[in-house]
Amino acid sequence: MRRALVLAALVSSSAAYAWESACSAYANPAQETSMLKGTDAPACQPSGLDTARQRWVGRFDEHRQLFEATRVLAGLPADVSSTTALPVFTTSEGAAVDGGVVATLIPSAFDAATRVRYRQVTAGELSQLPDYSYALWDWASGHETCPLAGASEATDCHDFAAHMGPVNSNHFVPQSQAFYAHYHALALGRAAECASMKAKVAGSGGRFAAFLRACEWEALALEAVGQHYLQDAWSMGHMWQRWGAPSLSAFPGADAEAQRDRAVLVALVSGLFHGARSVLQALPAWTGYDVNDAMCAPWADGRFMASGTLAQGVGDNYLQLIPPFSVNALYDTQSQIFFSCAASGVLEVYRAAGENHGAATPQAGLVSIDPTSARCFGQRATNAAMARGAAVDLRVAGAQVSIPLDARFVAKLVPQVAKSQGKVSVSERVRTEFRHSLSRFVTMARIRAKEEPLSTDVADGRWGDLLGVKPNGQYTGLPAYLDPPLPWAATDANALHLRRLFHRAHAAEWCASMDDAALRSLKLHAADAALDAEARGVACTVCAEFAVRHLRVGTSVSDYDATQEPLCAVLVPGSAALYQAQPGVTDPFALASRWCCP
Amino acid sequence: MLLALLLAGCDLFNPDPTKPPTNPPPVATVPDVELKWLPALPDSSLKLLEDLSGGRLAVDPDANDALTALAACTDRVVYCYRPGSLDLRTCLEAAPSCATDTPWTEPEACCPAACKTAYAAAITAGEPANRAFERVFYLEPDCFPGVRALLEAP
């Protein structure tokens, strides 16, 4: 979209329709999360460039908090939550994005790397990723491209309100189930590779523990991304079939712009049903109010059905009301089922990977549930809850005010979309269709709430479309921008970003593909006289990082220290071997460094 | 301020004045459309409901056309509706019938007689009450003057 789609001054960066996510620009982003949480820091700019370069920690990092609570329940060691500094081998070239230039974070070919940058992050932070990125590869490549077809510029593309929100129907049930299942499968697939690696290096005396942990960390990162969808499925505001699809092309419209316009309008309406505290609280005239807007805010009729059980629920911005964040029996069911699902998923991945950060010790009472099952995604808001969502609720000077979004109210709406000249009203035809369509829906929702308040047919999408956009359960299939299924092909550019960023996790693949010529290429690059000092240092680092995986301490295949077989010889027998010997030097890394940069 | 609307029509529910009514006169309280809390949109007569970088929802307090009239009719029925005591048909019948072909110009919310007839026919034919309501008023709104013309306008 056009560069002119600047964020309205009214909107905070937390204007996300999900358990809240947070991004903050800390002065020292390398600190542990516990330290960051006690530090004031400005919120990130909403553009993707900034969110990819900052920590996803802050006051309202509800997704991260949910992941951490899940980790504790699953009994994963605290070390899993330590801040990791992922080194990115990249180039010194700036990335031209939307008319500006930023230091690129896109991992480069290893024999072209001239800069190293560090991505400080915890696995838990990545449970917020779907609010900021389209996929893990998108984050890995610094949000420097736009993965969403029909949107052209990277900055606006990653603006939640402009693009990510309009296609976030996958954060609502039942679409969220397929997205979690996809990422859980990726995590388990990678975890299986970790287990394979662990079996192969079992006789290496722990020399390759860092690779095992890196592999496990990647698997947990993928699970964390998937957990976002599972977490959202248990937010009261997400327990319904919000209309729409995760791709703009699925929306009706003569062209991409018309499709996007409909996606925006549907998202605006969906946000009101969901509960619009984070958006409406920012209205200048409302900053002094307490916008306790259903369905996420706590309301007596904010209830859902899960496997035949009726339970009370809350959602975004109200995480602190549910156990274990507070002692509140009202939300026991919501908490118990969610955490059982979430912990089961995390634990399954961690155990499959080999428990390389330490043995898991799940808390007593953890109920094991298939996290991809209907038990974890079958919950639906009651008709009464949906009708409650069809209102804007706020407290003013201690008095509760509810503005019903009934047919008369919505018939007066003037929907506007952002264009190059600012926000303009949609065509009269679309406005009429919008008002008529929404009037129909709110009317039927309120009728059904009176007839069968505890049924869930409204949340189940049985009362039809909005603006020609169907309930999300009618859009199946995963979008092309998602992280690809395993195995990740070497020719897949998106997967290549991940294989390069998580190069230690993918050590076996790099061992197999890095032949003698590739190793020489790393060495030649490090010797390139045209490189500046920093670039040469980086080239030496990269070369040593990979050379050591192939390096045998000795002079030839018949004369080397067999007790120090390099990683690649263990993982991929027959892979390229490098022989190096220096009197008095037995450390393979020292030898690799000397070989790369004599 | 709440506008209490007494849905008149004892005669409607008691066609024989010599007998007591079988149903109590339906009474519905239909709240005014609540706009006073919404901030004004600068340089505009509109009010602001929701504003994000991709778009916004504003409200036109003065909107008045076939769709607002349709909404006033259906809200009148829905606010009246009490399953088990006041069904949709009863509430619809109790709503004032529109006196003109331009319901949006009438002084109070009304429902066209043609819609009442169409709805009664649907119920008599066995169509589920709520689905019939949706069809008559929203999916096939030919009984309501001006709605189809608005929907099909270029």
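Here chain A carries DSSP beta bridges of which approximately 90% are antiparallel, counting only pairs with both residues inside.
For the segment A:450-460, counting C-beta atoms of other chains within 10 Å of every residue's C-beta and taking the mean gives 2.
Of the residues A:Ser169, A:Ser521, ranked by 1.4 Å probe accessible area with the largest first, the sequence reads A:Ser521, A:Ser169.
In order along region A:568-580, phi translates into HN-Hα couplings of 5, 5, 7, 7, 10, x, x, 6, 4, 10, 10, 10, 9 Hz, rounded to whole numbers, per the Karplus curve 6.51 cos²θ - 1.76 cosθ + 1.60 with θ = phi - 60° and x for Gly and Pro.
So how far, in whole Å, is the C-alpha centre of region A:233-289 from the one of region A:446-461? Distance between centres, Cα-based: 21 Å.
For A:Leu578, the amide hydrogen comes within under 5 Å of the amide hydrogens of A:Leu551, A:Arg552, counting only partners 5 or more places away or on other chains and with H modelled in the peptide plane. With just the Cα atoms defining each centre, how far is region B:25-94 from region A:385-428? Give it in Å. Value for the Cα centre distance between the two parts: 11 Å. At a probe size of 1.4 Å, how large is the accessible area of A:Lys423, to the nearest 10 Å²? Accessible area, nearest 10 Å²: 50 Å². Within a straight-line Cα-Cα reach of under 24 Å, A:Lys419 can be paired with the following lysines, leaving aside sequence neighbours fewer than 8 residues apart in one chain: B:Lys47.
Among the cysteines of chain A, those whose beta-carbon sits 4.7 Å or more from every other cysteine beta-carbon are A:Cys296. Backbone phi angles across region A:163-173, fed through the Karplus curve with coefficients 6.51, -1.76 and 1.60 (θ = phi - 60°), yield HN-Hα couplings of 9, 5, x, x, 10, 9, 4, 6, 8, 10, 5 Hz in residue order; Gly and Pro are listed as x. Separation of region A:103-128 and region A:179-212, taken as the distance between their Cα centroids, equals 21 angstrom. Largest to smallest in accessible area, the residues B:Ile123, A:Ile403 fall in the order B:Ile123, A:Ile403 (1.4 Å probe, all protein chains included). Each peptide in B:31-40, B:103-112 gets a packing score, the mean of other Cβ atoms within 10 Å over its residues, and the list from highest to lowest is B:103-112, B:31-40.
A straight Cα-to-Cα reach below 30 Å connects B:Lys116 with the lysines A:Lys412, A:Lys450, A:Lys470, B:Lys19, residues fewer than 8 places away in its own chain not being considered. Each residue of region A:504-509 was assigned a 3J(HN,Hα) from its phi angle through the Karplus expression (A = 6.51, B = -1.76, C = 1.60, θ = phi - 60°), giving 6, 4, 9, 4, 4, 5 Hz with x at Gly and Pro.
Mean partner shielding of peptide A:415-426, defined as the number of other chain Cβ atoms within 10 Å of each residue Cβ, is 3. Neighbouring Cβ atoms from other chains, within 10 Å of the Cβ of residues in B:37-50, number 5 on average. Ordering A:Glu257, A:Glu68, A:Glu125 by accessible surface, largest first, gives A:Glu257, A:Glu68, A:Glu125; the 1.4 Å probe counts only protein heavy atoms, with every chain in place.
The values are calculated or read from the model by the stated rules, or taken from the named source; none is laboratory data. Worth saying up front: this structure is predicted, and the values here are computed from it rather than measured. Please note: Cβ atoms are built from the backbone with ideal geometry, for glycine as well, and neighbour counts cover all protein chains shown. Ligands, DNA and RNA are stripped out before the accessible areas are found, and what is left, the full protein with its side chains, is counted by its heavy atoms. Shrake-Rupley method; radii C 1.70, N 1.55, O 1.52, S 1.80 Å.
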